[in-house]
Amino acid sequence: GTEQRALFIIFGGTGDLAKRKLYPSLFNLYRKGFLNENFAVIGTARRPWTDEYFQKVVTDAINSEDALAEDATQFASHFYYQSHNVNDTEHYITLRNLADKLDRKYEIGGNRMFYLAMSPRFFGTIAEHLKSQKIVTTEGYNRVIVEKPFGRDFASATELNDAIGRYFPEKDVFRIDHYLGKEMVQNILAVRFGNNLFRALWNNRYIDNIQITLSEALGVEERAGYYETAGALRDMVQNHILQIVALLTMNMPASYSEEDIRREKIYALKSLKKYTPAQVQANFIRAQYTAANGQRGYREEEKIASDSATETFVAGKLFVDNENFSGVPIYVRTGKRLSQKRSRIDIAFKTMPTNIFAPQPLGQNVLTINIEPEGKIFLQINVKQVGQGFTLKKSHLDFFPTSNGKQVFPEAYEKLFADALAGDATNFTHWEEVAYSWKFVDAIRTAWDQHDYALEEYPCGSMGPVAADKLLARDGHKWFYTG
Ligand code: BG6
């Protein structure tokens, strides 16, 4: 890659995300030459760490990336630590001095990336101080990367956005949705707009229904405090699932550019059919996991209220009411402690209008895009069985993307960092996308809060409550992915 010059200032530098994702991703960019001599990283957080200790944390974090010890040590030498209280103006002065010193030392030219990986309630005050204490440079760029959650409803997201927007223009705000950095999610646009075959069929005349499953085997782990106040709808549907919906249903952009793609994604999200409370009850199911297979139920988890009403699973049916998709049910589901970790999309096409092979049945054409654990595109077709006579059978066309014969995808954060360094926000969420997603989700959340609609249960290790199957059965459909 082309070498980029940048000073990263990471707020929340001692956190789990920084260690698990950010440092390893930066290291990969370093090994690939996107970062070389002219970069530095300042980690900040409350605790009083030394540079040496911080560098050790960083080398430990990248250890798993089968790093060469020399490389790792070289890389980590660019890391500096600053104990920081985000509400203390004095601390920003110290931070500015360190930033300016490192800028000179590594000849960075004033490019700054501010990574906000801490509680959103501090984003406003951080943005304000970055500006007032002149940590924002006049030479070079100043970009803010914002981690999720971006608000907990439309109102709080607006507040958050205004707080940042007062000091940073939209073009410099990079809102993370790490699903947009995943190789197979990025493949959606390639499949849709690179193949006339699919372009022609990608509408309500040929598509019968769409299914999106983001299932996880893990429980809430160490994030119970956050999760208990969020729930699956806010944690996964508002962002990842609706972003996938937008990519699947948006109209063709005029070009493959940030501006044109965004415009169409925004229209798609704006076209989401908003539900009345009665429609929420009919079309959305929430549920909680209960003890099974040696695993605790959600209410028995540490830091979770014993009468918690937080949903750990959501299934729903939604519609994008635009020219091409109105009338196509989009079934979505996500949950913790399901049977497997899998992220997958199924697009089911309508069957032939007449079947000349009757009474032999014709299978449905289904295009499956498997995002994880393995990346795969799979198209079910009907073919003739070899031999005498004429018997049909189901078969499939397969695409298993590899590079040098292996399927090793770059970590989502690595791709997103590279994009942000290059100033390309295509794979980040624009404020209007966030706004329309929240408006859709708020209608569901409000209906749940104001009515006592059922909170279903499902045993750990299952694929969710029976109600989630009934949701499709009612329409004569079933989940293609059964766990
Ligand atoms: C995060 C959610 O956004 O996505 C987590 O907050 C979830 O609860 C995670 O576990 C899933 O991401 P991935 O990449 O593991 O599918």
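The values are calculated or read from the model by the stated rules, or taken from the named source; none is laboratory data. Remember, it's a predicted structure, so these values are computed and weren't measured experimentally. FYI the Cβ positions are ideal-geometry reconstructions off the backbone, even for glycines, and counts take in every protein chain you see. Note: accessible area is taken over every heavy atom of the protein model, side chains too, but ligands, DNA and RNA are not part of it. Shrake-Rupley method; radii C 1.70, N 1.55, O 1.52, S 1.80 Å.
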Problem set entry | Members of region 1-34 that are assigned to a loop (DSSP other than H, G, I, E, B) and surrounded by fewer than 23 Cβ atoms within 10 Å (Cβ to Cβ) | G1, T2, E3, Q4, R5, G12, T14, G15, K32, G33, F34
For this session: Take region 211-260 and flag every residue that is open to solvent by 50 Å² or more (accessible area, probe 1.4 Å), near the ligand (Cβ under 10 Å from one of its atoms) and closer than 17 Å to S156 by Cβ.
Result: Y226
Problem set entry | The lone exception for F390 - which of (1) touching a residue at least 40 places away in the same chain (Cβ under 8 Å); (2) assigned by TED's automatic domain parsing to the domain that holds N209 it fails | (1)
Problem set entry | Options S156, S119: the member that is within 16 Å of the ligand (Cβ to nearest atom), out of contact with any Cys (no Cβ under 6 Å at 6 or more places or on another chain) and without any contact (Cβ under 8 Å) to a residue 40 or more places away in the chain | S119
Problem set entry | Cβ pairs under 6 Å, 6+ apart, first in region 297-316 and open to solvent by 10 Å² or more (accessible area, probe 1.4 Å), second modelled with pLDDT of 95 or more and not in a helix (DSSP H, G or I) | R299/S306; R299/S308; A309/L455; T310/G231
Problem set entry | Every pair of residues 6+ apart whose Cβ atoms lie under 6 Å, when the first sits in region 236-250 and is farther than 15 Å from I176 by Cα while the second is assigned to a helix (DSSP H, G or I) and open to solvent by 10 Å² or more (accessible area, probe 1.4 Å) | M250/E264
For this session: Kindly establish whether K182 is under 17 Å from A420 (Cβ atoms), surrounded by fewer than 21 Cβ atoms within 10 Å (Cβ to Cβ) and within 15 Å of the ligand (Cβ to nearest atom).
Result: no
Problem set entry | Lone qualifier among D208, D177 - being buried (at least 21 other Cβ atoms within 10 Å of the Cβ), at negative phi and either within 10 Å of the ligand (Cβ to nearest atom) or in contact (Cβ under 8 Å) with a residue 60 or more places away in the chain (or both) | D177
